[in-house]
């Protein structure tokens with residue numbers, strides 16, 4: 001018997017935790033800062049309704065119907081008269097598993113850097129300069145040690161199953177994430193220069209709406225922000241009872257993810273203006289500097305200038321990022337884990353252990369061959385795998401999945417569902433194709 005989520009709240013927190021990741025904390029504020037502040041937010045909210053929520057509903061629906069891992073689910077739901085249907089579905093399922101493994105390899109490495117920065121700030125606050133210096137400076141030994149610790153944490157959670165592992169930990173981690181985020185917002189709001197940052201974030205520059213790139217940027221951010229296209233939401237949907245109504249659950253997950261992204265903007269953008277008030281440079285060529293430099297150079301330097309409170313603020317900030325990373329890694333880890341359990345009949349603890357070793361091995365390769373491999377792996381997963389998989393999900397629900405397709409059945413009876421069905425069938429694939437072409441090429 002497959003494990004399942006035991007409560008609606010547990011599912012919403014777990015699914016939102018999967019969506020809430022580093023893209024929310026640093027990606028969304030960067031897009032807002034570079035596209036007219038609140039003007040971008042208005043476009044983003046519209047895109048969430050038009051593209052992201054339908055995409056999330058689609059992926060959850062596929063998982064709920066199939067009650068299986070992505071390989072089995074997409075193979076079953078792509079049944080057509082021509083054998084190319086299930087073959088394509090099975091192939092996309094394997095790409096989901098591969099993409100999840102690759103994502104776990106680089107995401108854990110980034111998470112290890114977050115932990116290193118957080119512990120360095122803590123060591124500084126505790127007056128341990130030797131430990132702080134070792135943690136703050138790049139080294140292979142540091143990366144491998146913290147990489148192993150974070151991978152162990154991820155797979156120790158998923159090894160416990162859905163209700164006792166993922167659901168239980170999500171109920172702890174998501175409230176902690178919100179508390180850390182709100183506390184940091186309050187602290188930054190009290191610093192000189194923050195008021196101008198809030199103004200830049202909340203007052204729209206409507207002149208940017210004439211730029212066609214703002215729509216593509218909003219669609220890409222909304223799609224990636226909700227973690228759609230890799231199979232994480234599909235596998236979470238498979239742990240819902242077939243009778244569960246998905247409409248409100250989908251909106252709840254999207255709403256929580258969007259609220260946290262908006263709160264992240266209230267933290268990051270005012271923090272940048274606080275940094276500028278301290279005489280720091282935070283822009284290059286008229287735009288906010290890249291996310292990696294922002295997180296690992298600009299903000300740590302800002303924290304170091306905040307006096308005695310600085311190390312503790314830095315520790316809280318990188319704890320926030322580490323929690324966001326963990327809620328994402330446990331969701332992505334469930335994709336290959338479910339595949340190993342259901343297709344190869346491995347016990348969950350054994351599968352979790354073997355996958356942890358595999359991820360550690362791949363991440364170690366990235367550590368030693370960082371320059372030629374890291375950027376390529378990140379680009380493959382985020383710019384190719386995610387939008388391609390998301391597009392395929394729309395094709396499945398709109399064209400390939402003909403038996404027991406609830407949306408198709410309701411569309412034959414009610415006008416609103418007929419409009420939804422054609423929105424999923426035509427409008428969403430066209431919008432996502434636009435994003436895919438713009439991002440990938």
Original post:
Here is a list of conditions, (1) closer than 30 Å to residue 211 by Cβ; (2) part of a helix (DSSP H, G or I); (3) touching a helix residue (DSSP H, G or I) at 6+ places or on another chain (Cβ under 7 Å), and residue 99 meets all of them except one; can you say which number that is?
Top reply: (1)
Original post:
Tell me, which helices (runs of 4 or more DSSP H) wholly within the stretch 200-307 include 2 or more residues that are surrounded by fewer than 24 Cβ atoms within 10 Å (Cβ to Cβ)?
Top reply: 213-225, 246-277, 299-304
Original post:
Before we move on, is residue 49 without any contact (Cβ under 8 Å) to a residue 24 or more places away in the chain, assigned to a helix (DSSP H, G or I) and under 24 Å from residue 427 (Cα atoms)?
Top reply: yes
Subject >> Out of 105, 61, 78, sole residue that is more than 25 Å from residue 405 (Cα to Cα) and buried (at least 22 other Cβ atoms within 10 Å of the Cβ) >> reply: 105
Original post:
Out of (1) closer than 20 Å to residue 23 by Cα; (2) at pLDDT below 90, the odd one out for residue 300 is which?
Top reply: (2)
Original post:
Can you name the condition, by its number, that residue 94 falls short on among (1) part of a helix (DSSP H, G or I); (2) surrounded by 19 or more Cβ atoms within 10 Å (Cβ to Cβ); (3) at pLDDT 95 or above?
Top reply: (2)
Subject >> Pairs where the first residue, in the stretch 56-79, is at positive phi and free of Cβ contacts under 8 Å to residues at least 12 places away in the same chain and the second is part of a loop (DSSP other than H, G, I, E, B) and surrounded by 24 or more Cβ atoms within 10 Å (Cβ to Cβ), C-beta under 7 Å, 6+ apart >> reply: none
Original post:
Looking at residue 225, is it modelled with pLDDT of 90 or more and at negative phi?
Top reply: no
Original post:
Tally time: how many residues in the stretch 113-148 are modelled with pLDDT of 95 or more and over 19 Å from residue 312 (Cα atoms)?
Top reply: 10
**OP:** Considering every residue within the stretch 30-44, establish whether at least one is without any contact (Cβ under 8 Å) to a residue 24 or more places away in the chain, under 20 Å from the mean Cα position of the chain (by Cα), closer than 24 Å to residue 221 by Cβ and in a helix (DSSP H, G or I).
**Re:** no
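The values are calculated or read from the model by the stated rules, or taken from the named source; none is laboratory data. Every value quoted in this text rests on a predicted model; they were computed, and no experiment measured them. Here the Cβ is made from the backbone with ideal geometry for all residues, glycine too, and neighbour counts use every protein chain on show.
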